[in-house]
Amino acid sequence: MSDNQKSLFVVFTGAPGCGKGTQARILKEKTGIAHLSTGEMLRQFAQKDTPLGKELKAALDKGEFASDEMIIEMVKNRIDEPDCKHGFILDGFPRTLPQAEVLEGMLAEKGIKLNAVLEIQVPDEIIMERILGRYACMKCGAGYHDKFQKPKIWGVCDACGGTEFSRRKDDNKETVHNRLVNYRMLTYPTIPFFESRGLLKTVDGTGTIEAVSRKIDAVLGLE
Ligand code: AMP
């Protein structure tokens, strides 16, 4: 992104499987701003063969949250990196009210104003179907779905030609149930918090990836 382009600082929120990650990747592609997925950062951390890596892996596999302290430290460091200068999409953070409160203070300190907190709304039945069918290319990370987004040639990634794919370990029925409960209990309270700050925008996340992306562009004034 060049210096004279408009900056854009947004939070994508919503239940697991609502499409935050997919839509954040599309918005990054379109605008050049950084995509900060705390889930992705944690999954990388959990691959480390260290006591903390192992502990984290066990928690993520069960759908449990990482500690606020750890996440906050990660995000604080990440948003200081040069690719965040003109904007970022926070995907999966803040996930608790304390995280939202710290984010507000952190951004005020850095002189960053959020443009919007965008909640992508999708009913639970659709969420299950979306999560249980999704998988990704192991080489480039491009996302696919058994039913909704198949590669053009079966077994070959459209983006990079990779032929190996994987599913997230936490994308199983029981863990998704835990993640939905955690969303209601721990993450949902951040919605009225951001609403009270005049930042909340909601988008209906049902429909095709392209249709939801167009709705997001409209809400963010990017058309
Ligand atoms: P996601 O890729 O956003 O679905 O995140 C995957 C998992 O990482 C979640 O189910 C949580 O266990 C953990 N996680 C991601 N972001 C956070 C956060 N901000 N706070 C605590 N745990 C998180």
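The values are calculated or read from the model by the stated rules, or taken from the named source; none is laboratory data. As the structure is a computational prediction, the values presented were derived from the model and not from experiment. Every residue, glycine as well, gets a Cβ built from its backbone with ideal geometry; the counts of neighbours run over all protein chains shown. Note: areas computed on protein heavy atoms with side chains; ligands, DNA, RNA excluded. Shrake-Rupley method; radii C 1.70, N 1.55, O 1.52, S 1.80 Å.
Excluding residue 144 itself, what net charge comes from residues whose Cβ is under 15 Å from its Cβ, given Lys and Arg +1 and Asp and Glu -1?
Residues close to residue 144 contribute a combined charge of +4.
Please list the helices of the chain that count as membrane-span-like by this rule: a mean Kyte-Doolittle hydropathy of at least 0.5 together with Cα atoms stretching 27 Å or more along the helix axis, each helix being a complete DSSP H run. Don't skip to the answer; put the middle values down first.
Values: long enough: none.
In the chain, no H run is both long and hydrophobic enough.
Pop the C-beta distance of residue 148 and residue 44 into the FRET formula with R0 = 25 Å and round what comes out to the nearest 0.05. Working shown, then result.
Values: r = 26 Å, r/R0 = 1.05.
With R0 = 25 Å, the Cβ-Cβ based efficiency is 0.45.
Provide the per residue accessible area, probe 1.4 Å, for region 107-218, rounded to a whole number of square angstrom. Working shown, then result.
On the way: 6640 Å² over 112 residues.
Each residue of region 107-218 exposes 59 Å² on average to a 1.4 Å probe.
Mind listing which chymotrypsin sites (Phe, Trp or Tyr not before Pro) in region 112-207 are in a DSSP loop and have 14 or fewer other Cβ atoms within 10 Å?
Details: sites: 135, 144, 148, 154, 165, 183, 193, 194; in loops: 148, 154.
Sparse-neighbourhood loop chymotrypsin sites (Phe, Trp or Tyr not before Pro): 148, 154.
Would you calculate the convex hull of the Cα atoms in the chain and tell me its volume per residue in Å³?
131 Å³
How many nm separate the modelled label positions at residue 174 and residue 206, each set 7 Å beyond the Cα in the direction of the Cβ?
Result: 3.1 nm between the two label points.
Can you divide the C-alpha Rg of region 111-172 by 2.2 N^0.38 Å and report the result to two decimal places?
Dividing the Cα Rg of region 111-172 by 2.2 N^0.38 Å gives 1.43.
Taking 0.36 nm per residue of separation and subtracting the Cα-Cα distance, what length does fully extending residue 132 through residue 110 add? Present the calculation step by step, with values, prior to reporting the outcome.
Numbers: separation 22, 0.36 × 22 = 7.92 nm, distance 3.91 nm.
Length gained between residue 132 and residue 110: 4.0 nm.
So, in Å, what gap is there between the alpha-carbon centers of region 65-92 and region 158-205?
Rounded to whole Å, the Cα centres lie 17 Å apart.
How much of the DSSP bridge set in the chain is antiparallel, in percent, rounded to the nearest 5?
Among the beta bridges of the chain, antiparallel pairing accounts for roughly 30 percent.
Quick one: plug the Kirkwood hydrodynamic radius of region 136-186 (C-alpha pairs) into Stokes-Einstein at 10 °C, 1.306 mPa s, and report D in µm²/s.
D = 128 µm²/s.
Past 21 Å, Cα to Cα, is the threshold; run 85/139; 85/110; 57/147 against it and keep the listed order.
Pairs exceeding 21 Å: 85/139; 57/147.
Could you look at the chain and say what percent of its accessible area is carbon and sulfur, using a 1.4 Å probe and all protein chains?
Roughly 53 percent of what the probe reaches on the chain is carbon or sulfur.
Rank 117, 156, 75 by mean-square fluctuation in a GNM of the chain with C-alpha springs under 10 angstrom and give only the top-ranked residue.
Among 117, 156, 75, the largest mean-square fluctuation in the Gaussian network model of the chain belongs to 156.
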